[in-house]
1. Hey, what do the phi angles of segment 56-70 turn into as Karplus ³J(HN,Hα) couplings, whole Hz, using 6.51/-1.76/1.60 and θ = phi - 60°, x for Gly and Pro?
2. From the phi of every residue in segment 96-109, what ³J(HN,Hα) in whole Hz does the Karplus formula 6.51 cos²θ - 1.76 cosθ + 1.60 yield, where θ is phi - 60° and glycine or proline is x?
3. Give me the percent relative contact order of segment 47-92, please, defined on Cα pairs under 8 angstrom at least 6 residues apart.
4. Do me a favour and compute the ellipsoid semi-axes for the chain from its Cα gyration tensor, root of five times each eigenvalue, largest one first, whole Å.
5. What list of ³J(HN,Hα) values in whole Hz, one per residue of segment 22-27 in order, does the Karplus curve 6.51 cos²θ - 1.76 cosθ + 1.60 (θ = phi - 60°) give from phi, with Gly and Pro shown as x?
6. Please give the Cα centre distance for segment 14-44 versus segment 48-100, rounded to the nearest Å.
7. Among V74, S3, L49, flag the residue with its Cα farthest along the positive direction of the charge dipole of the chain, charges on Cβ as +1 for Lys/Arg and -1 for Asp/Glu.
8. Ignoring ligands, DNA and RNA, what percent of the accessible area of segment 5-124 is carbon or sulfur (1.4 Å)?
Amino acid sequence: TQSELGPITINLLTLTSDSTLRDARLRQDYLESNTFPTATFVASDLLGLPSELVAGQSYPLQIVGELTIRDISVVTAWTATITYNGDWVAGTALTTIQMSSFGVGPIVIPGFVETSDDVILSLD
């Protein structure tokens, strides 16, 4: 009951792919990362976490919180699996967002990239 997560901050200026031209266009025209250089996730609930963790065991849970990209915040639910080793907890969480919810997409740059509205995000 006393467990906490976050906030998590992602530097959008460091997002890269295999094309520097595409990266620059995505950051400048779509993510507006010069104005909004970070995305943040602030968890509000950890659902399904047992009252006691056993070292070496993995646990499924759901993380609910507010994801902010540019100046738009959306409540998101992440499906996660965590493992407790006795000293620390590690895990992976996944969610699917619609880029249009953040005023970002879908993105179409002829000859460079075309995205759907759905994007899978992963946190480790």
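1. x, 9, 9, 9, x, 7, 10, 10, 10, x, 9, 9, 10, 10, 6
2. Calculated HN-Hα couplings, in order: 10, 10, 9, 4, 5, 4, 9, x, 10, x, x, 9, 9, 10 Hz.
3. Values: 76 pairs, mean separation 16.9, N = 46.
Relative contact order comes out at 37 percent.
4. On the way: eigenvalues 204, 42, 34 Å².
Gyration-tensor ellipsoid for the chain: 32, 14, 13 Å.
5. 4, 4, 4, 5, 4, 5
6. Comparing the Cα centres of segment 14-44 and segment 48-100, I get a distance of 22 Å.
7. Of V74, S3, L49, it is V74.
8. Details: 3870 of 7190 Å².
Heavy-atom surface of segment 5-124 belonging to carbon and sulfur, 1.4 Å probe: 54 percent.
The values are calculated or read from the model by the stated rules, or taken from the named source; none is laboratory data. Note that this is a predicted model, so its numbers are computed, not measured. Don't worry about glycine lacking a Cβ; one is built from the backbone with ideal geometry, like all the others, and counts go over all protein chains shown. We work out accessible area using only protein heavy atoms, side chains counted, and drop any ligands, DNA or RNA first. Shrake-Rupley method; radii C 1.70, N 1.55, O 1.52, S 1.80 Å.
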